[in-house]
Amino acid sequence: QVQLVESGGGLVQAGGSLRLSCAASGNRFNFNRMGWYRQAPGKQRELVAIINVGGITNYADSVKGRFTISRDNAKNTVYLQMNNLKAEDTAVYYCYVNEVGLNYWGQGTQVTVSS
């Protein structure tokens, strides 16, 4: 059973930076995709960024140029470096991985950006 442990959320002022980490365990194969979604109060969960096993990335338009996703396959860890944070980035951020067609989600970590 794949387990995900997220860390790095918190409270930051607008313009600041945070780095999220998600360490995975229990997998038998390399994760095809790893990434981050977020959900703000009253809104649907949305894709923030995703990276495949080859390192190809995809970002939501709202975070392009500010967020950077990366992964360390040896550590089964995915990172999200968030710079120039804005109030509208406030949300619960969920780690996501895909292994052989199965999706797994982290418990979520709160990111709050004060304006």
Would you say ALA24 is surrounded by 14 or more Cβ atoms within 10 Å (Cβ to Cβ) and more than 14 Å from GLU99 (Cα to Cα)?
-> no
Candidates GLY35, GLY9, filtered to the one that is within 12 Å of the chain's Cα centre (by Cα) and under 16 Å from VAL113 (Cβ atoms) = GLY9
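Does segment 37-46 contain any residue that is crowded, with 19+ Cβ neighbours inside 10 Å, basic (Lys, Arg) and free of Cβ contacts under 8 Å to residues at least 60 places away in the same chain?
Scanning segment 37-46 turns up no residue that is crowded, with 19+ Cβ neighbours inside 10 Å, basic (Lys, Arg) and free of Cβ contacts under 8 Å to residues at least 60 places away in the same chain.
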Considering only residues that are touching a Phe, Trp or Tyr at 6+ places or on another chain (Cβ under 9 Å) and closer than 15 Å to LYS75 by Cβ, look in segment 1-18 and name the one that is most open to solvent (accessible area, probe 1.4 Å).
-> GLN3
Residue satisfying condition, being modelled with pLDDT of 95 or more, touching a strand residue (DSSP E or B) at 6+ places or on another chain (Cβ under 6 Å) and of a type outside the set (Asp, Glu), within set GLY15, GLY8, GLY26 = GLY8
Would you say TYR96 is modelled with pLDDT of 95 or more, in contact with a Ser or Thr (Cβ under 8 Å, 6 or more places away or on another chain) and not in a loop (DSSP other than H, G, I, E, B)?
-> no
Residue count, segment 83-110, condition open to solvent by less than 20 Å² (accessible area, probe 1.4 Å) and over 11 Å from the mean Cα position of the chain (by Cα), comes to 5
Considering only residues of segment 27-36 that are open to solvent by less than 50 Å² (accessible area, probe 1.4 Å) and not in a strand (DSSP E or B), which is farthest from ASN84 (Cα to Cα)?
-> ASN27
In this structure, is VAL113 more than 11 Å from the chain's Cα centre (by Cα), in a strand (DSSP E or B), farther than 22 Å from PHE29 by Cα and not basic (Lys, Arg)?
-> yes
Could you check how many residues of segment 47-82 are assigned to a loop (DSSP other than H, G, I, E, B) and surrounded by fewer than 19 Cβ atoms within 10 Å (Cβ to Cβ)?
-> 11
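The values are calculated or read from the model by the stated rules, or taken from the named source; none is laboratory data. Everything quoted here is computed from the prediction, not taken from an experiment. When we count neighbours, we look across all protein chains shown, and the Cβ atoms used for this are built from the backbone with ideal geometry, even at glycine. Surface areas here come from the heavy atoms of the whole protein model, side chains and all, with no ligands, DNA or RNA. Shrake-Rupley method; radii C 1.70, N 1.55, O 1.52, S 1.80 Å.
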